[in-house]
Structures are given as C-alpha cells and as structure tokens.
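> Sending over a structure as structure tokens; questions will come in a sec.
The values are calculated or read from the model by the stated rules, or taken from the named source; none is laboratory data. As the structure is a computational prediction, the values presented were derived from the model and not from experiment. In this analysis, Cβ positions are derived from the backbone assuming ideal geometry, glycine residues included, and neighbour counts consider all displayed protein chains. Each accessible area value is taken on the protein alone, full model and side chains, heavy atoms only, with ligands, DNA and RNA left out. Shrake-Rupley method; radii C 1.70, N 1.55, O 1.52, S 1.80 Å.
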Amino acid sequence: MESGVSDIYRNVPIEFPDYLRDESRQIGYADSISFPSTEQQVSEHLKEMSAARRPVTTQGARTGITGGAVPYGGHILNLARLKNILTFNDSDDGASITVQAGLSLAELREAVREASRGRFFFPPDPTETSASLGGMIACNASGARTFLYGATRRYVARLRVILSDGAILQLARNEQKCRGQSFQLESECGRVVAGVIPGYRMPGIKSAAGYYVKPEMDLIDLFVGSEGTLGVITEAELRLKPSPRVLVGALVFLDSSQDAIRLVQALKRQPAAALEYFDSHALDLLRTEHHATALTLPGARRAALYIEYHAGSDEESENQLGQLADSAAEIGCSLEDAVVATDEGQMQRLKDFRHAVPEAVNRLVAERKKTAPGITKLGTDLAVPDQFLPGFMVLYQEGLARLGLEHVIFGHIGDNHLHVNIIPRNQEEYERGRGLYLEWAREAVRVGGTVAAEHGIGKLKRDLLLQMYGREAIDQMQSLKKCFDPDGLLNRGNLFPPGSDSYA
Ligand SMILES: Cc1cc2nc3c(=O)[nH]c(=O)nc-3n(C[C@H](O)[C@H](O)[C@H](O)COP(=O)(O)OP(=O)(O)OC[C@H]3O[C@@H](n4cnc5c(N)ncnc54)[C@H](O)[C@@H]3O)c2cc1C
C-alpha cells in the first residue's frame with residue numbers, strides 16, 4: 001500500500017488479477033486499485049487521480065459483458081465496499097429505498113423484502129443477481145421482467161454522482177431539466193457544468209446504446225446508462241413496486257423456433273411479466289452440462305419458452321394459466337411436459353435454469369480461451385421492432401448455419417431482444433462471427449432497432465455504436481462527456497476509442 005490517500009494499492013496484476021477483467025473475459029491492465037467504503041473516499045481518490053491526470057475505471061461487481069469495467073491503464077476504483085443500505089421510505093407517494101452503489105441486487109432484494117415485510121419489490125432483474133446497483137444504473141440494465149416493468153431507468157428517483165475532479169452532484173427526478181437541448185448543473189462545491197445535449201434520435205424500443213438524450217429531458221437520465229463515462233454513482237434512491245400477490249412461472253417445451261414465435265405472438269396479447277426463449281442449442285448445452293440445471297429436459301423438444309405471470313389473486317392467476325393453455329392449443333402446441341412453478345422454491349429452479357444458459361456459455365468460452373487467447377464471447381444484444389422478430393430469427397439461423405458456427409440463441413423474446421451467443425472454436429471463427437454480427441447489426445439499425453438493448457457498449461461494441469448513430473452523433477457524445485470530464489479520465493475506452501480525441 002502506498003500513496004497520498006490511504007487504501008490505494010499498487011501491484012495490481014499480481015495481487016488483484018481478477019480485477020483486470022469482467023465477464024466478457026477481456027483482460028486489461030492497471031497501475032493501482034482502491035476499495036473506497038465512503039462517498040468521501042471516492043471523492044478523495046478521484047481528486048488525487050485528477051491531480052495526477054491518471055485515468056480511472058469504475059467497477060461494480062464486474063458482471064458486465066462488454067468490457068466496461070475492464071481497465072485500460074491508470075487506477076481502478078472498485079465500489080464493492082460501498083454497500084450500505086441508507087433509508088427505506090414508505091409514504092403515500094409510494095415506497096423507495098436509498099442504497100450505496102456497491103450493494104448487490106441480491107442484497108437489495110433481501111433488504112426490500114425485510115424492510116417492507118414483503119409488500120414491495122424492485123422489478124429490474126438482469127439475471128445475474130451479484131450485479132451491483134451502481135453497475136445496473138450505469139448500464140440501464142434490464143432483463144426478463146422488463147417486458148412488463150421496464151428497465152432500471154424507470155426506478156431511479158435520485159442519484160449522487162462524483163465527477164472526475166471529486167465534485168459531488170445531487171440529481172433528483174423532476175428537479176433538474178434541460179431547456180431545449182441546453183443544460184446546467186451545479187455541484188455541491190459550486191462547480192457549474194453547462195452544455196448542450198446531442199441531437200440524435202433514439203430508437204422507439206428499449207435501448208442501452210450511448211447516452212439517453214431528448215429535448216427537455218430530465219438530467220438524471222443522462223447518468224442512467226452512461227456507463228460510468230460522466231461520473232461515479234455513489235448513492236441511489238430507487239422506487240419500488242407493490243409485490244404481486246401471486247407469482248407463477250411456466251417453462252414450456254416446443255418442437256421448433258417457429259412454434260415459439262407463434263406462441264409468443266399470441267401471448268403478447270396477454271399481460272405476462274416475462275417471455276423468455278431458449279433454442280435447441282441452449283437446451284443441448286444444458287443437457288450436456290449435467291449439473292447446470294436441476295430440471296430434466298425432455299429429449300426430443302427443440303425450443304422452450306419461460307413465461308412468468310404476476311397476479312393480484314389466485315383467480316386472476318388461474319385465468320392467466322388458462323389463457324396460456326388456450327393460446328398453445330390454438331397453435332397446436334402440447335403443454336404435456338411443461339414445468340409449472342407456483343411456490344418460491346419451484347420458481348427459483350426455473351430462474352436457475354434461465355441463469356445457467358449464459359453461465360454455461362461463459363464457462364465454455366473461458367475454456368476455449370486457453371487454446372485461442374484472442375477470442376471473447378460474441379454475444380449479440382440487438383433488439384428490433386415487433387414486426388421484424390420472425391425475420392430476424394431466420395436471419396440468425398441461416399447466417400450461423402452458412403458459416404457453421406457453434407452458438408446458442410436465448411433471451412428476451414417478448415421484447416424482440418434475443419441474445420445470439422457465438423462460441424468460437426478458434427481465432428478464425430471469431431473473426432467470421434464478428435463479420436456476421438456486424439451484418440446483423442446493420443440490418444437491425446436499418447429497421448429501427450438498437451445495437452445494444454441492455455448490456456451497453458463498453459469497450460467491445462464501439463464499432464456498433466458508430467454504425468447506429470454515425471460520426472456526427474459520436475462527436476456530440478464526446479463533447480457532452482468533456483463538459484463533465486474535461487481531461488477524459490473516467491472509464492477511458494468506454495463508448496469512444498481511447499485516444500480518439502484530444503484526451504490522448
Ligand atoms: C450470467 C449473466 C447474465 C446477465 N444477464 C443480463 C440481463 O439479463 N440483463 C442485463 O441488463 N444484463 C445482464 N448481464 C450483464 C450485467 O450483469 C449487467 O450489465 C450489470 O448491470 C452489471 O453490473 P456490475 O455491478 O457487475 O457492473 P460492472 O460490470 O462492474 O460495470 C459495468 C459498467 O458500469 C460501470 N459502473 C459500475 N458501477 C458504477 C458506478 N457506481 N458508477 C458509475 N459507473 C459504474 C462500469 O464502469 C462499467 O462500465 C448478465 C451478466 C451475466 C454474467
């Protein structure tokens with residue numbers, strides 16, 4: 001340990017090797033790391049780095065899959081110890097909880113359950129419950145229940161954010177807004193940050209690609225989804241929803257991806273909380289990884305859907321299951337081997353099954369990296385408007401078959417947001433997979449979709465952001481960043497290539 005501020009550790013590659021990577025399996029490099037446990041320490045560490053003009057990479061739980069938390073030199077600010085639960089508020093305006101940014105989603109859920117005695121819950125559910133709230137807000141994470149409840153942004157009521165020079169901003173929803181495209185914010189120490197927000201138009205579907213911008217926008221939204229490039233989130237007040245009285249999950253096995261799409265189209269007319277898809281390769285992967293799931297998967301079935309219903313009464317819940325049975329019958333699908341969960345233990349088994357798919361892919365990629373160190377997982381995060389879902393399913397399947405690439409397709413089919421995970425066997429397959437991914441992204445942008453619906457851009461998808469918005473918009477995003485972080489110290493390499501402007 002050494003430095004002007006205590007708790008700054010050097011020798012990162014040897015003592016803290018795991019902190020050089022996230023779940024993308026990309027490996028970075030850094031000179032020092034700190035684990036602040038108070039907001040004041042975060043501010044002090046940032047001041048010190050700013051004075052020395054050293055870049056800083058913020059880390060939550062490093063479950064991100066776009067390399068966002070992977071350092072490209074300089075200092076790592078790891079927020080895992082900034083995890084206090086500050087207040088729980090239950091008033092006529094609704095319930096909220098205020099927590100520090102390093103708290104995990106699992107810990108938050110537990111705290112909400114305890115404080116509200118089960119009456120409220122926090123809806124965003126990005127599958128990986130070890131993710132931190134700071135990371136979820138920085139990426140505007142979503143997940144299976146986004147289909148009904150929306151993404152993390154909707155639940156962020158107040159934020160405390162530390163800028164690169166240590167200045168502290170307090171942002172509250174509805175309190176600081178843009179005038180047209182102009183904005184002005186004042187930090188607690190009186191630093192004024194003013195500028196103009198970019199003029200590009202975001203797609204009309206869920207998206208986590210680049211900054212969230214709209215004329216007259218609420219300025220808190222600039223920070224949600226900004227991937228740590230504007231400031232470090234230390235604290236958040238999060239809105240909660242009343243817990244549904246009855247929760248039911250159903251895992252339905254089908255004979256083909258076409259059957260899955262037809263059932264999804266029928267189910268979209270009903271109020272499901274989640275509609276998730278698994279292709280035959282995802283099912284096969286779990287069949288070969290014997291311990292990955294506690295469920296027995298029927299041998300002959302080629303696709304599956306996970307459907308979750310939230311209801312206010314048993315009667316409503318029964319109606320929902322009845323509608324599912326009717327929709328399946330309408331399109332000639334049998335539900336004989338469906339797994340229906342009605343209590344917490346059974347629900348957890350279905351959630352573990354859902355989580356096991358990306359986990360199994362990540363394990364396989366880590367294994368392959370031993371012989372092909374240059375590869376990473378090639379996981380798409382494209383979403384498209386409703387009417388393009390069937391065409392995209394065909395586009396994915398034909399492209400993958402044409403190039404003979406090993407893969408699984410799974411994810412948020414209710415939002416037309418499928419994750420195609422290409423699992424390259426070598427560097428050559430990796431390059432071919434990247435080419436295919438770019439083709440799909442171009443097509444998604446052409447039809448009004450997004451290149452990153454929930455994982456963000458990080459360091460691995462910058463070319464896709466450029467493809468989506470074009471050079472002029474990227475320049476405007478960089479100008480916005482400069483207002484908050486004039487020396488370009490925060491999360492260098494996220495959204496923009498390092499050295500792509502005068503920061504170099
Ligand atoms: C198995 C698996 C399944 C997943 N499924 C989903 C899914 O369904 N939906 C989904 O949205 N995501 C999913 N993810 C991705 C990931 O869990 C989310 O992106 C999550 O929000 C990242 O949180 P984290 O704390 O791990 O952030 P990190 O990985 O540590 O960081 C992510 C980004 O946020 C920035 N950041 C972190 N904390 C802060 C802070 N306090 N202030 C400012 N910037 C910060 C980092 O610099 C980085 O750019 C999945 C990941 C895994 C491994």
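> I need a count of the residues in the stretch 58-68 that are within 6 Å of the ligand (Cβ to nearest atom) and either surrounded by fewer than 23 Cβ atoms within 10 Å (Cβ to Cβ) or of a type outside the set (Gly, Ala, Ser) (or both).
Residues flagged as within 6 Å of the ligand (Cβ to nearest atom) and either surrounded by fewer than 23 Cβ atoms within 10 Å (Cβ to Cβ) or of a type outside the set (Gly, Ala, Ser) (or both) within the stretch 58-68 amount to 5.
A quick yes/no check of all residues on (1) free of Cβ contacts under 8 Å to residues at least 24 places away in the same chain; (2) crowded, with 17+ Cβ neighbours inside 10 Å; (3) more than 30 Å from ALA115 (Cβ to Cβ):
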| residue | (1), (2), (3) |
| --- | --- |
| GLY228 | no, yes, no |
| ALA236 | no, yes, no |
| SER257 | no, yes, yes |
| VAL264 | no, yes, yes |
| HIS281 | no, yes, yes |
| THR296 | yes, no, yes |
| ALA303 | no, yes, yes |
| SER313 | no, no, no |
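> Scan the stretch 69-84 and give yes if some residue there is farther than 29 Å from ASN362 by Cα and either away from the ligand (no atom under 11 Å from the Cβ) or open to solvent by 30 Å² or more (accessible area, probe 1.4 Å) (or both), otherwise no. Before you say what the answer is, go through the steps one by one.
Here is the first cut: in the stretch 69-84, the residues farther than 29 Å from ASN362 by Cα are 84.
So of that shortlist, the ones also either away from the ligand (no atom under 11 Å from the Cβ) or open to solvent by 30 Å² or more (accessible area, probe 1.4 Å) (or both) come out as 84.
Yes - at least one qualifying residue is present in the stretch 69-84.
> Any idea which of ALA138, ALA69, ALA144, ALA95 is touching a residue at least 60 places away in the same chain (Cβ under 8 Å), part of a loop (DSSP other than H, G, I, E, B) and over 28 Å from ARG349 (Cβ atoms)?
The unique qualifying residue is ALA69.
> Related question: Filter the stretch 111-138 down to residues that are within 12 Å of the ligand (Cβ to nearest atom), open to solvent by 40 Å² or more (accessible area, probe 1.4 Å) and in contact with a Ser or Thr (Cβ under 8 Å, 6 or more places away or on another chain), then give me how many there are.
3
> Find all pairs meeting these conditions: Cβ atoms under 9 angstrom apart; at least six residues apart or on different chains; first residue within the stretch 41-60 and outside any helix (DSSP H, G or I); second residue among the acidic types (Asp, Glu) and within 11 Å of the ligand (Cβ to nearest atom).
GLN59/ASP22
> Only one residue in GLN181, GLN270 is open to solvent by 10 Å² or more (accessible area, probe 1.4 Å) and either modelled with pLDDT of 95 or more or small (Gly, Ala, Ser) (or both), so which one is that? Spell out how you get there, then give the answer.
Numbers: GLN270 fails: either modelled with pLDDT of 95 or more or small (Gly, Ala, Ser) (or both).
Only one candidate passes the filter, namely GLN181.
> Additional query: Hey, which of the strands (runs of 3 or more DSSP E) in the stretch 166-274, taking only ones fully inside, have at least 2 residues that are more than 16 Å from the ligand (Cβ to nearest atom)?
Qualifying strands (runs of 3 or more DSSP E): 182-186, 192-196, 246-254.
> Which of the following residues is among the basic types (Lys, Arg), open to solvent by 10 Å² or more (accessible area, probe 1.4 Å) and within 16 Å of the ligand (Cβ to nearest atom): ARG442, ARG492, ARG446, ARG432?
Selected residue: ARG492, the only one of ARG442, ARG492, ARG446, ARG432 that is among the basic types (Lys, Arg), open to solvent by 10 Å² or more (accessible area, probe 1.4 Å) and within 16 Å of the ligand (Cβ to nearest atom).
> For the stretch 339-361, state whether one or more residues are in a loop (DSSP other than H, G, I, E, B), in contact with a helix residue (DSSP H, G or I) (Cβ under 9 Å, 6 or more places away or on another chain) and either basic (Lys, Arg) or open to solvent by less than 30 Å² (accessible area, probe 1.4 Å) (or both).
The answer is no, given that none of the residues of the stretch 339-361 is in a loop (DSSP other than H, G, I, E, B), in contact with a helix residue (DSSP H, G or I) (Cβ under 9 Å, 6 or more places away or on another chain) and either basic (Lys, Arg) or open to solvent by less than 30 Å² (accessible area, probe 1.4 Å) (or both).
> Search the stretch 16-40 for residues being of a type in the set (Asp, Glu) and part of a loop (DSSP other than H, G, I, E, B), and hand back the single one that is farthest from the ligand (Cβ to nearest atom).
Per the criteria, the residue is ASP31.
> For the stretch 283-294, name all the residues that are of a type in the set (Ser, Thr, Tyr) and touching a residue at least 12 places away in the same chain (Cβ under 8 Å).
THR293
> Out of all the residues in the stretch 72-90, which are over 18 Å from VAL42 (Cα atoms) and in a loop (DSSP other than H, G, I, E, B)? Steps first, answer last, please.
If we filter the stretch 72-90 for residues that are over 18 Å from VAL42 (Cα atoms), which is where we start, we get 72-73, 87-90.
Listed by number, the list holds a single entry, GLY73.
> Go through (1) open to solvent by less than 40 Å² (accessible area, probe 1.4 Å); (2) farther than 12 Å from PHE353 by Cβ one by one and return the number of the condition GLU276 breaks.
(2)
> I'd like the full set of residues that are in a helix (DSSP H, G or I), among the aliphatic types (A, V, I, L, M) and closer than 9 Å to LEU378 by Cβ, limited to the stretch 422-445.
Restricting attention to the stretch 422-445, the residues satisfying the condition of being in a helix (DSSP H, G or I) are 427-445.
Remaining after also requiring among the aliphatic types (A, V, I, L, M): 436, 438, 441, 444-445.
Of everything in the stretch 422-445, just one residue is in a helix (DSSP H, G or I), among the aliphatic types (A, V, I, L, M) and closer than 9 Å to LEU378 by Cβ, namely LEU436.
> Restrict the check to the stretch 400-408 and report whether at least one residue is on the phi > 0 side of the Ramachandran plot and surrounded by fewer than 20 Cβ atoms within 10 Å (Cβ to Cβ).
To start, the set of residues in the stretch 400-408 that are on the phi > 0 side of the Ramachandran plot comprises 404.
Right, trim to surrounded by fewer than 20 Cβ atoms within 10 Å (Cβ to Cβ) and you get 404.
The answer is yes; a qualifying residue exists.
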